[in-house]
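Working notes, beginning with the structure itself.
Derivation of every value follows stated rules applied to the coordinates shown; laboratory data play no part. Because the structure is predicted, anything quoted here is derived from the model rather than measured. Backbone-built Cβ (ideal geometry, glycine too); neighbour counts: all protein chains shown.
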Amino acid sequence: MIVTVPFSPVHPSQTEYVRDRAYYLSELITDVSFDNGKLEVNYSGGDTEQFRKKLESLVEESRKVRTLSKKRIKQSGAHECGSHKPGSPRIAERPRDPHAFASSFNGGVHLQGEAALLPAALERLFRDKLGPAGFVLRKYPSLMSREIMTKSKYPVHFPQNIYRLSELSHDIDRITEFHRSGGNREDLYSATDFYMQPCVCFQVYNELGEQAGPVPGNVVYAATGRCFRHEHRSRINEVRGLEFDMHEFVYVGDADFVRKTRDELAEKTWELFCELGFTGVVETAADHFFHHVDVGKTLFQLAGELKYELRVAPRKGLTWSLASFNLFGDVLCSSFGIGGERNIFHSGCAAYGIDRWIQALLYYYGDRSTDWPSAIRERL
């Protein structure tokens with residue numbers, strides 16, 4: 001059933017706000033669209049009048065969103081960016097080439113043949129081409145403790161994206177009952193104190209916060225890990241998954257070092273982006289905080305140019321994010337106790353969605369390695 005409410009935004013940011021949050025009103029939403037002053041939501045649940053009230057409340061919240069346009073930093077090619085978000089099922093529209101995207105199922109990208117070599121090749125490419133002088137390597141587990149998540153404040157700002165682990169307790173009666181049920185007693189599971197990491201950088205901050213003695217300043221850490229985010233099922237597609245590989249450069253030090261490192265990484269990444277023959281833009285951006293009370297942070301990020309986003313746009317109407325370049329000020333270092341009360345560091349990170357870079361490569365060049373750019377072939 002299509003549920004419709006009036007919606008006449010005065011700025012695109014209000015439309016973006018409603019689109020991002022509407023999907024989380026219910027798991028039974030399959031599509032959100034806008035047409036002639038109306039918000040139209042395909043909803044398969046019951047009590048449509050109660051659901052309509054939720055939509056009206058969401059629209060009312062959007063009117064409180066202060067507006068600030070994104071600033072385009074760089075652009076290549078004649079393709080339009082930002083005209084269609086990669087959260088919509090329409091991104092599945094593709095050229096006739098069946099290899100334009102790697103297949104996606106169970107919330108992740110499925111790679112076959114030589115394409116399975118691309119994650120390692122891209123990780124090496126990022127280190128070789130983009131890594132700042134003297135960066136240090138790290139490798140972390142995919143699990144993240146409750147303590148780390150609490151310090152990061154991720155559950156406060158992005159509760160919709162959290163995956164928390166559950167377990168079957170090592171209790172003979174419970175295990176026996178579970179076995180007798182043929183593994184169908186979901187009620188016998190209990191929550192643990194572990195989460196699937198939503199990003200890699202929190203592991204770096206935790207390491208530095210727990211480090212004995214002085215923390216070295218003006219250092220860049222490079223780490224790649226498997227990340228997990230609970231996306232609404234209607235938003236999952238070839239470039240937005242539940243699990244994905246993320247490469248991050250995390251830079252910690254004084255404010256000048258952090259900003260300089262961010263800007264240099266953005267510039268070098270743009271050069272690599274163009275070398276690979278991609279078209280798109282770098283523009284100011286902001287995180288998608290869930291609660292409307294946090295929207296002021298969005299405005300602050302845009303106004304202060306604290307977040308740049310690199311978006312690929314292979315054709316008009318099709319665009320998705322490949323990387324972001326972020327400044328966090330002293331917020332995360334303070335939260336994790338890095339540097340002590342008198343010497344709080346600043347920090348930031350550059351994050352690269354490896355699966356999304358792979359999809360861009362396959363979209364532009366297909367799945368035969370002989371057709372891939374030399375920068376990729378040399379690192380297979």
Problem - Scattering profile of the range 2-62 at q = 0.14, 0.24 Å⁻¹ [log10 I(q)/I(0), Debye over alpha-carbon scatterers] - result: -0.32, -0.98
Fill in the blank from the handout: Within the range 1-63, DSSP-loop GluC sites (Glu not before Pro) with at most 14 other C-beta atoms within 10 Å are GLU27
Fill in the blank from the handout: Under a Gaussian network model of the chain whose springs join Cα atoms within less than 10 Å, the largest fluctuation of LEU125, LEU188, LEU55 belongs to LEU188
Fill in the blank from the handout: 1/(1 + (r/R0)^6) with r = Cβ-Cβ of ASN343 and LYS70, R0 = 45 Å, i.e. FRET efficiency to nearest 0.05, evaluates to 0.85
Problem - Candidates per GluC sites (Glu not before Pro) in the range 174-236, loop by DSSP, up to 14 other Cβ within 10 Å - result: GLU210
Completion exercise
Simple SL model, points at 7 angstrom along Cα→Cβ for ARG233 and ASN106; separation in nm is 1.7 nm
Exercise for the section: Please sort by residue number the trypsin sites (Lys or Arg not before Pro) in the range 152-194 whose DSSP state is loop and whose Cβ has at most 15 other Cβ atoms within 10 Å. Expected result: LYS153, ARG185
Handout entry: Modelled FRET efficiency - R0 25 Å, LEU137 with HIS157, Cβ distances, 0.05 increments
Key = 0.30
Exercise for the section: Just tell me which lysines come within less than 30 Å, Cα to Cα, of LYS139; anything on the same chain fewer than 8 places away is out. Expected result: LYS129, LYS151, LYS153, LYS260, LYS268, LYS307
Exercise for the section: Normalising by the residue count of the chain, find the relative contact order in percent from Cα pairs under 8 Å and 6+ residues apart. Expected result: 23 percent
Fill in the blank from the handout: Each label sits 7 Å from Cα toward the beta-carbon; between LEU380 and ASP330 the label points are separated, in nm, by 5.0 nm
Handout entry: Antiparallel content of DSSP bridges confined to the chain, in %, to 5
Key = 95 percent
Practice task
For the chain, divide the Cα radius of gyration by the Kirkwood radius and give the resulting Rg/Rh value with two decimals.
Solution key: 0.97
Practice task
Determine, at each q value in 0.25 (inverse angstroms), the log₁₀ of I(q)/I(0) that the Debye formula gives when each Cα of the range 112-186 is one equal point scatterer.
Solution key: -1.06
Fill in the blank from the handout: Given a Förster distance of 35 Å, the FRET efficiency implied by the Cβ-Cβ spacing of ASP187 and GLU60, rounded to the nearest 0.05, works out to 0.40
Practice task
Work out how much length SER44 to GLU177 would gain on full extension: take 0.36 nm times their residue separation and subtract the Cα-Cα distance, in nm to one decimal.
Solution key: 44.4 nm
